[in-house]
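Below: one structure, written as structure tokens.
Derivation of every value follows stated rules applied to the coordinates shown; laboratory data play no part. Treat the numbers as computed from the prediction; the structure is a model and nothing was measured. Neighbour counts are summed over all protein chains in view; Cβ atoms, including those assigned to glycine, are modelled from backbone coordinates with ideal geometry.
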Amino acid sequence: MSTMIKAIKQGTVLGVSEFISCEKLPADRYSEMKYPKLIPLMRFHVDRYKLEGFGHLMVMHTETKMGMELITMSFMPSECVNLPYLLVDAMSMKKKKCVFVEYYGCGNDDLNDGKLKEVYEKFSSLPDYTEKENWYIRERRPYSLIKQGEEDELVDMAAQSVKAYLLSVKDCHVDKSYADKLKVFRDRMINEGNPSSATLKMLLKEDGAKAFMENVIMPLK
């Protein structure tokens, strides 16, 4: 495991229980995956958690034979607390390091995002990572952080972002109408494409990728 990916996993995933009560869900058919099956070029390890009063967290660690390593953390507010959906992606490949902290409002304008904006102010000066244009980029909240640069700063950015996000839960209220908005956004991620679409379809085929999005990455009640 690369030093950056390991540090992000230790500083965020392993620290989740410091800020919110969490339960690790049992392993299932998605926990260990590989592609192709005979001589794997890519391996995937998936952990899933239920976070009390919030919803669900999925953590997917991907290793490739090409030397690229990724970690994806999907924080799904399936209890309908008024936080944006959070997707954290980190990539390490030789000297190339980048971390995306992506907040999606999913059509909900009543968001408890004050602490998230404060973290944005701390790290907004880091170098931006240039992405290819896609529909979901326009859906991100303006305090999202799409950054590259020094490993230590990126690890700190990820850790502080997740901490601020989880500490915000206790000040949130439940909005049952948010469930429909989250479902609409999830359907768009499935039908219009998301950052993992190509990989998931290659790994699980189209129907399997849809089921993975609905049951693992962005589960709803």
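Things worth noting here:
- Qualifying positions in region 163-211 - in contact with a helix residue (DSSP H, G or I) (Cβ under 6 Å, 6 or more places away or on another chain), of a type outside the set (A, V, I, L, M) and either touching a residue at least 24 places away in the same chain (Cβ under 8 Å) or under 18 Å from Asp28 (Cβ atoms) (or both): Ser168, Glu192, Lys210
- Restricting region 93-138 to residues that are part of a loop (DSSP other than H, G, I, E, B) and among the small types (Gly, Ala, Ser), the residue that is surrounded by the fewest Cβ atoms within 10 Å (Cβ to Cβ): Ser125
- Selected residue [touching a residue at least 60 places away in the same chain (Cβ under 8 Å) and acidic (Asp, Glu)] from Glu139, Glu79, Glu131, Glu102: Glu79
- Residue check for Ser78: under 15 Å from the mean Cα position of the chain (by Cα), among the small types (Gly, Ala, Ser), within 27 Å of Lys221 (Cα to Cα) and in a loop (DSSP other than H, G, I, E, B): yes
- Screening the candidates Met58, Met93 for the property of being among the hydrophobic types (A, V, I, L, M, F, W, C), closer than 30 Å to Val174 by Cα and out of contact with any Pro (no Cβ under 7 Å at 6 or more places or on another chain) yields one hit, Met58.
- Number of residues in region 154-178 that are surrounded by 15 or more Cβ atoms within 10 Å (Cβ to Cβ), in a helix (DSSP H, G or I) and not polar (S, T, N, Q) equals 13.
- You will find that of Leu51, Leu70, Leu41, the residue that is among the hydrophobic types (A, V, I, L, M, F, W, C), crowded, with 20+ Cβ neighbours inside 10 Å and in contact with a Ser or Thr (Cβ under 7 Å, 6 or more places away or on another chain) is Leu70 and no other.
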